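Structure first, commentary second.
The values are calculated or read from the model by the stated rules, or taken from the named source; none is laboratory data. This is a predicted model, so every value here is computed, not measured. With ideal geometry, Cβ positions are generated from the backbone for all residues, glycine too; neighbour counts draw on all protein chains shown.
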């Protein structure tokens, strides 16, 4: 009657709890030597390559370079043309390239503007035109008609639609008037003028007068000089084979005549101050300051420092986990965002830090920007920062290849910048090889420590008393980057 079985003991709540606890304890001990979840898994030390194929490529007799990226998932094709030219001065017709892009679809030898618009609308295509790029996105069943339209635009644009030109000029003047009140637009103009100079293509800006100077004859001259096959890349992306592309090119582009092309000389007048200076654009109506710090740099994609400089900029101001963002926004709450840009360019690049802050904290924000730049140029970054930024850039780079257009763009970039073959295939390996010492050297080379310009677009009356405390020389400029002789009040 008093016999107690094992089953009865286990069924008892108290003993059941002890029994399960013993099992859990022994299981944990048994697997403890296998898994330690307090430590991250070790990364695999191996070379990482991206399994992508280069676009199919051929060159026509007239010099037109053709690329094909096949993707047969959907019956869609994108046809694009990109010019390979060096920047040129627009002078008293600054803004002509923007006008040109809009006028490129204003009528051809075979179609009026209205006919072009109707055909594009009927086929459900998307036509994009700018000075340097033209593309049409179409369904496969309309491919032949779409490429015939594109070839007509590239080879037979007339530029005789004065009514359309007048309409575009009026709209552009309205846009310029609106931008004159925008602190970001003002900063962009002043920054470009002070970085590169008004006699450099990157330092030009459009005004009402330069836009009004543009004529149909000017557009036609630009078209005749730059729209030639021997400085152009034509790309087919989507549901198309190389055989189909070759047939279409022979049918629609074989008559496009090669012409001689001579690049315009570019004056290099950009000047970096011998020490840090503050350049103020006084806009009395503003309640916050738009700040930019930096200057021009020489950095190309095929330079040895390209990958280390990319990582260095990412750590300084390349996103919400960067030093500038964490300091100025998360810690100090001065701004919604603070970022840095390190732009490589085959002509001349630039380094800039950007933020917008309240008038009363302008001086404090500038001090923190200089402090962060000084810190990253004097002391080496941590291994943790480097690893995080490598993973971030690598992950985004891999995701980009889900878009076939990106594969095409990178291959054209290789050709235009004379990069070694497979530059982007080996991108991840080159990124992984960057060391802390490489980052340190890039920071010292490209981040302005003792010189550079602090450009402020803001209300001088409110910010000047505290700005003077920084001890840097102060100069005043108008909204077009011209120096104003004004005493520090």
Looking at region 426-443 only, could you name the residues that are within 23 Å of the chain's Cα centre (by Cα) and either modelled with pLDDT under 95 or not in a loop (DSSP other than H, G, I, E, B) (or both)? 426, 427, 428, 429, 430, 431, 432, 439, 442, 443
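Somewhere in region 209-220, is a residue farther than 28 Å from residue 114 by Cβ and at pLDDT 95 or above? Break it down into steps so the answer makes sense when it comes.
Of region 209-220, the ones farther than 28 Å from residue 114 by Cβ are 209-210.
Add one more test, that the residue is at pLDDT 95 or above, and what stays is 209-210.
Taking every residue of region 209-220 in turn, at least one turns out to be farther than 28 Å from residue 114 by Cβ and at pLDDT 95 or above.
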Go through (1) modelled with pLDDT under 95; (2) farther than 30 Å from residue 410 by Cα for residue 282 and report which single condition fails. (1)
Applying the selection to region 392-415, what residues are surrounded by 13 or more Cβ atoms within 10 Å (Cβ to Cβ) and farther than 21 Å from residue 71 by Cβ? 392, 393, 394
Can you work out which of the residues in region 383-419 that are touching a helix residue (DSSP H, G or I) at 6+ places or on another chain (Cβ under 8 Å) and assigned to a loop (DSSP other than H, G, I, E, B) is nearest to residue 347 (Cα to Cα)? 419
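Report yes if residue 449 is touching a helix residue (DSSP H, G or I) at 6+ places or on another chain (Cβ under 8 Å), touching a residue at least 60 places away in the same chain (Cβ under 8 Å) and not in a loop (DSSP other than H, G, I, E, B), otherwise no.
On the way: touching a helix residue (DSSP H, G or I) at 6+ places or on another chain (Cβ under 8 Å): yes; touching a residue at least 60 places away in the same chain (Cβ under 8 Å): yes; not in a loop (DSSP other than H, G, I, E, B): no.
Spelling it out, it is not the case that residue 449 is touching a helix residue (DSSP H, G or I) at 6+ places or on another chain (Cβ under 8 Å), touching a residue at least 60 places away in the same chain (Cβ under 8 Å) and not in a loop (DSSP other than H, G, I, E, B).
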